[in-house]
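Chemist: Submitted below is the structure of interest, expressed as structure tokens.
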Amino acid sequence: MTTTTPNQGAPLMNASTQSHSFDLATAKVRDLNAALHALKEGSNASLWRVSNPRGLHALAAGLDAPVTVEIDGPVGYYCAGMNKQATVIVRGNAGVGLGENMMSGRIEVEGDASQAAGATAHGGLLVIRGEAGARCGISMKGVDIVVGGSVGHMSAFMAQAGTLTVLGDAGEALGDSIYEARLYVRGSVKSLGADCVEKEMRDEHKAQVFEKLKAAGLEGQVDPSEFKRYGSARTLYHFHVDNASAY
Amino acid sequence: MNEHVKGPSAPRTLPRESATFDAYTLSEIRRAAATGIYDIRGAGAKRKLPHFDDLLFLGASMSRYPLEGYREKCGTGVVLGDRFAKKPIELKIPITIAGMSFGSLSGPAKEALGRGASAMGTSTTTGDGGMTPEERGHSTKLVYQYLPSRYGMNPDDLRKADAIEVVVGQGAKPGGGGMLLGQKISPRVAKMRTLPEGIDQRSACRHPDWTGPDDLEIKIEELREITDWEKPIYVKVGAARPYYDTALAVKSGADVVVVDGMQGGTAATQEVFIENVGIPTLAAVHQAVKALQDLGMHRKVQLIVSGGIRNGADVAKALALGADAVAIGTAALVALGDNDPRWESEYEALGTKAGAYDDWHEGRDPAGITTQDPELMKRLDPEIAGRRLANYLSVMTLEAQTIARACGKSHVHNLEPEDLVALTIEAAAMANVPLAGTNWIPGKTGF
Amino acid sequence: MCGIVGLFLKDKALEPQLGELLSGMLGTMCGRGPDSAGFAVYGAGESGEVKLTLRAAEGYDFAGLAEKLGEGAEVLQRATHAVLTVPSADEAGIRAKIAALAPEVTVVGAGSRMELYKEVGMPTDVAVRFDLAKMAGTHGIAHTRMATESAVTTNGAHPFSTGLDQCLVHNGSLSNFRTVRRNLERAGVTIQTENDSEVAAGYLTWRMKEGRSLGEALEDSLDDLDGFYTFVVGTESGFGVLRDPIACKPAVMAETDQYVAFGSEYRALAGLPGIENAKIFEPEPAKVYFWDRAAA
């Protein structure tokens, strides 16, 4: 691990910020996570660069400090799992369960994300610039997910709260068994899951899409009016025998 | 000549009920026809099953000598989770409180469980709904369940826990998810679970971000990373294929394996699920222990057995078969006051009776335990109930010690399968213990 | 459950390194499957000849067996396995002779170019035992096993041979395999182990005997096999991939001008040359994929 002075070409950084590097070709994931977990609130060790991730798992998992971690390369499963407050940027693809159960903070993936991205996450913002695999936002509980490409099948399965904004298409069974989460898809939806229906896009929804796009740095690139809204028909909230085939 | 055999006074056969279409079955068919919905209830399998009652201890005799009570100590402590965790769990007694959710149980009930368990130096477990401050505050050792739904799951509570229990399934419904109906989705429960108030919760039966022991291994790695490798990780399965399930739990990195037999209770699920899926606890223990032994991991990865543990004899038998500890759920609730005859008139008003009440999903529990109703909840005083639980745990421990001493053991863990015999062929085969008075284990040894 | 890796080389210059690359990939998957490992490598072959991969107990005298089988039978031993090369026309006769003279020897695979090795043990150890790192070839698949419902035995290890130059590896758990097994046995296909993956391999073999191509047989399996699975099959000219419709078991692929690679996790691909610029994707559920040397 080395300490270097901040890069002059990064205008967003505080001049007194210290940056740390971690090379996972030689250092262990445990040491990286232990160092990140040891950060206290207000620490000025707020920028971490991680190189040679090579698909390793649980990188930057369980963070709870307002730091930025930039990972230079593809990550494995559960990167930034249960993230709180931190900003985690992956300059590559991400494996299964990216940002699973995130509570707050921001995760950005420049490439694609595998299955279960943002699974059960409660808050924060997850931005996937490429494609997301199956079950994106499964069981989400309040997170905002923005996907630049498409999402795979069973995305937003049992999604309880939060928003999923997809600039591309959605696969089969979108929003199956959805509760109160809001889904916005700009492209085509292969099929809708049980109790998920298209809903009217009113001004407040377009405003919400704009807000999410802006948070993801995508405002101006696409027109919020091009999105369709999907959500719960609320017919499965109480079991009724006539709906048995939907279960 | 034969007029007397006809007419109203002629002899008739007695009314004969069908064993197949018995009174209960007829009532269930009528109920299904009326409502169009499957019957939902709580508790575990209620039908008669081969169980620990079918096993007996041999006790001391000419070749074995007993320990005196009191001065000749019989140890009961157990350490769970020393395979990988920095802070294993140390229990004073080998009986823990099984996972039961806040949501299915009231807040005072969870508090009572915490008080009682802590008084006896053992642990409680959260359930499918997350950790409440009451429970963490009153439990000296708290195991945090990690379930498919992830209701209320958050890293702060994960870090506050003393151990983490990854739930693959439970004995009442191996392959089923949690169930909580609208009447118990109170404002507080709804907030914890991020659900609209008053709706029927639909529950996932698989974890959202892993399927299979190969991926569970990576998930366990993540949980350890998030908690800096401090806490033991348990893996809980409903008894279905306990040999393979235990082996796979070990291979995916578990510190402790929990096997829950079909008598294990649930807050609510379909009656047919409870009675027809999963195997009896008695049939599961030997299989789980054998898997650990075959991997050379017996006593290195600990085994907790649950599902119908009722008294110190059950505890001793589970330990004799090779378990490290047991967990109680239903029994703990009864100790708190569940199904107490003092509420008989109210049970009758609900269409049931004390001892049979299992419609816990309705949230109208007269004892104030399996309810979210503020008025009913007041009926449970957590301090008194906690004291009752502590008494019950104490009795079970003393009973197990008494039996262990009678078998010549200075620690309950020194009980072994050879201290047991079986009363029935089924029990002998399931527990891998000979039929009393013989050397016969069906399928294994000669008579 | 398990780990799967596969490598199909488009660039001939990499062929001498096939075994080394595959060995590295296999090593990363030890965690997913610590019980046993196996691999199939498609190397050199002579037209008119078939290679039978034999397996027997440690220390078996394969050279002695080859002599007994008569001239025209060359044998190359690697640990508990040996590759017996015989004229194709003699294959059936040789198999019968082996069954009669040496019932303790199992024929684990046959093909013009395919050699198949598998053993109980940590995958890295298994690879070393068979000297995988030195093998050359056009493509290969490998598997690390965490046994689910059957015993950890060599027979239970993957790959399972499904026909000449064909084999299957599987990650997942089939839920109706015992019924499929009974049907296969009635149809004359013998399954030796309690392993669900062997049943899948037997199923594909049976469909092909009934006249289906491998691709069609894989399509058929979507209807007839129930459960969770990622299948990778090796053929003389390439390899195929199929994921079940729910697609919970992982599958990652990488393609460059030099190769097409498969791994249960990206980690398995991370050491491949040029991986930084590879096209990385995940196969879609219920879709049969094929990479063929003729097409490459």
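Chemist: Assuming 1.002 mPa s and 20 °C, estimate D for the stretch B:266-346 with Stokes-Einstein, Rh taken as the Kirkwood radius over Cα pairs, in µm²/s.
Modeler: 146 µm²/s
Chemist: Put +1 on the Cβ of each Lys and Arg and -1 on the Cβ of each Asp and Glu in the protein assembly as shown; which of C:T190, B:H207, B:I274 then has its Cα farthest toward the positive end of the dipole?
Modeler: Result: B:I274, furthest along the dipole toward the positive end.
Chemist: I would also like to ask the following. What dipole magnitude, in Debye to the nearest 20, does the stretch A:2-219 give about its Cα centre under +1 on Lys/Arg Cβ and -1 on Asp/Glu Cβ?
Modeler: Details: 19 positive and 23 negative charges, 75 e Å.
About 360 debye.
Chemist: For the charge dipole of chain B, defined by +1 on Lys and Arg C-beta atoms and -1 on Asp and Glu C-beta atoms about the Cα centroid, which residue among B:Q372, B:L295, B:L420 has the Cα displaced farthest towards the positive pole?
Modeler: Checking the options against the dipole of chain B, the answer is B:L420.
Chemist: Suppose every Lys and Arg Cβ carries +1 and every Asp and Glu Cβ carries -1, with no other charges. What dipole size does chain C come out with about its Cα centre, to the nearest 20 debye?
Modeler: Dipole of chain C, to the nearest 20 debye: 240 debye.
Chemist: List the residues, sorted by chain then number, that are 5 or more residues from B:I40 or on another chain and whose placed amide H is less than 5 Å from its amide H.
Modeler: Answer set, sorted by chain and number: B:E271.
Chemist: Ok, one more. Does chain B come out rounded, prolate or oblate, given a ≥ b ≥ c as the square roots of the eigenvalues of its C-alpha gyration tensor, rounded meaning a/c under 1.5 and, failing that, prolate meaning a/b above b/c?
Modeler: Here chain B falls in the oblate category.
Chemist: Trypsin sites (Lys or Arg not before Pro) within the stretch C:210-287: which are DSSP loop residues with at most 16 other Cβ atoms inside 10 Å? Can you show the working numbers first?
Modeler: Working: sites: C:R212, C:R243, C:R267, C:K279, C:K287; in loops: C:R212, C:K287.
Answer by residue number: C:R212, C:K287.
Chemist: Let me ask something else. Let me check I've understood the local charge: for A:V109, count other residues with C-beta under 14 angstrom from its C-beta, Lys and Arg +1, Asp and Glu -1. What total comes out?
Modeler: Taking every other residue near A:V109 into account, the sum is -4.
Chemist: What is the mean number of Cβ atoms from other protein chains located within 10 Å of the Cβ atom of each residue in peptide A:73-79, rounded to a whole number?
Modeler: Taking the mean over all residues of the peptide, I get 6.
Chemist: In the P(r) worked out for the stretch C:92-159, what percent of Cα pairs fall beyond 21 Å?
Modeler: 37 percent
Chemist: Say each of A:D23 and A:V222 gets a label point 7 Å from the Cα, pointing the same way as Cα to Cβ; how far apart are those two points in nm?
Modeler: In this crude label model, A:D23 to A:V222 measures out at 4.0 nm.
Chemist: Let me know the charge dipole size of the protein assembly as shown about its Cα centre in debye, to the nearest 20, where only the beta-carbon of Lys, Arg (+1) and Asp, Glu (-1) is charged.
Modeler: Its charge dipole is roughly 1700 debye.
Chemist: In addition: For chain B, what does the helix formula give at 222 nm: sum of -39500 (n - 2.57) over DSSP H segments with n ≥ 4, over the residue count, nearest 500 deg cm²/dmol?
Modeler: Details: 15 runs with 147 residues, N = 447.
Calculated from helices alone, the mean residue ellipticity at 222 nm is -9500 deg cm²/dmol.
Chemist: Could you compute the FRET efficiency for B:E399 and B:N276, with r as their C-beta to C-beta distance and R0 at 51 Å, rounded to 0.05?
Modeler: 0.95
Chemist: OK, next. Loop-only trypsin sites (Lys or Arg not before Pro) in the stretch C:49-96, please: DSSP not H, G, I, E or B, and at most 14 other Cβ atoms within 10 Å. Mind showing how you got there, number by number?
Modeler: On the way: sites: C:K51, C:R55, C:K68, C:R78, C:R95; in loops: none.
Listed in order of number, the matching sites amount to none.
Chemist: Stokes-Einstein at 25 °C, 0.890 mPa s, Kirkwood radius from Cα pairs: D for the stretch C:45-112 in µm² s⁻¹?
Modeler: 210 µm²/s
Chemist: Let me ask something else. Report the residue, chosen from C:S175, C:S112, C:S197, that carries the largest GNM mean-square fluctuation when chain C is represented by alpha-carbon nodes joined by springs under 10 Å.
Modeler: Sorting by GNM fluctuation, first place goes to C:S175.
Chemist: Averaged across B:145-153, how many Cβ atoms of other chains sit within 10 Å of each residue's Cβ atom?
Modeler: 4
Chemist: Computed FRET efficiency, Cβ-Cβ of C:A151 and C:N183, R0 22 Å: what is it to the nearest 0.05? If you can, show how the numbers build up before the last one.
Modeler: Numbers: r = 23 Å, r/R0 = 1.05.
Once the sixth-power term is evaluated, E becomes 0.40.
Chemist: Let me ask something else. Could you go through the stretch B:156-161 in sequence order and give the Karplus-derived ³J(HN,Hα) for each residue, using 6.51 cos²θ - 1.76 cosθ + 1.60 with θ = phi - 60°, rounded to whole Hz, and x for Gly and Pro?
Modeler: 5, 5, 4, 6, 7, 6
Chemist: To continue, here is another question. Of all DSSP beta bridges in chain A, what percent run antiparallel (nearest 5)?
Modeler: Antiparallel bridges make up about 20 percent of those DSSP assigns within chain A.
Chemist: Just to confirm a number: summing +1 for Lys and Arg and -1 for Asp and Glu over residues other than C:E49 whose beta-carbon lies under 11 angstrom from that of C:E49, what do you get?
Modeler: Working: positive: C:K51, C:R113; negative: C:E46, C:E74, C:D90, C:E91.
Around C:E49, the charge tally is -2.
Chemist: Working from the pairwise distances between different alpha carbons, so that the mean of 1/r is found and then inverted, what is the protein assembly as shown's Kirkwood radius in Å?
Modeler: 30.6 Å
Chemist: Sticking with this one: For chain C, go through all pairs of different Cα atoms, get the mean of 1/r, take its inverse, and jot down that Kirkwood value in Å.
Modeler: Answer for chain C: a Kirkwood hydrodynamic radius of 18.9 Å.
Chemist: Mind checking which of A:L164, A:H20, A:C136 is farthest towards the positive end of chain A's charge dipole, using Cβ charges of +1 (Lys, Arg) and -1 (Asp, Glu) about the Cα centre?
Modeler: With unit charges placed on the Cβ atoms, the residue in question is A:H20.
Chemist: Can you put B:I29, A:I178 in order of Cβ neighbours within 10 angstrom, beginning with the fewest?
Modeler: Ranking B:I29, A:I178 by Cβ neighbours within 10 Å, fewest first, gives B:I29, A:I178.
Chemist: Right, something else. Pop the C-beta distance of B:L423 and B:D294 into the FRET formula with R0 = 35 Å and round what comes out to the nearest 0.05. Write out the running numbers ahead of the final one.
Modeler: Values: r = 28 Å, r/R0 = 0.80.
It comes out at approximately 0.80.
Chemist: Now for a different question. Restrict the search to the stretch B:321-402; then list the chymotrypsin sites (Phe, Trp or Tyr not before Pro) that DSSP places in a loop and that have at most 10 other Cβ atoms within 10 Å of their Cβ.
Modeler: Passing both the DSSP loop test and the Cβ count: no residue.
Laboratory data are not the source of any read-out in this text; all were calculated from the coordinates shown. As the structure is a prediction and not an experimental result, all values here were calculated from the model. As a convention, Cβ positions derive from the backbone with ideal geometry for all residues, glycine included, and neighbour counts pool all protein chains shown.
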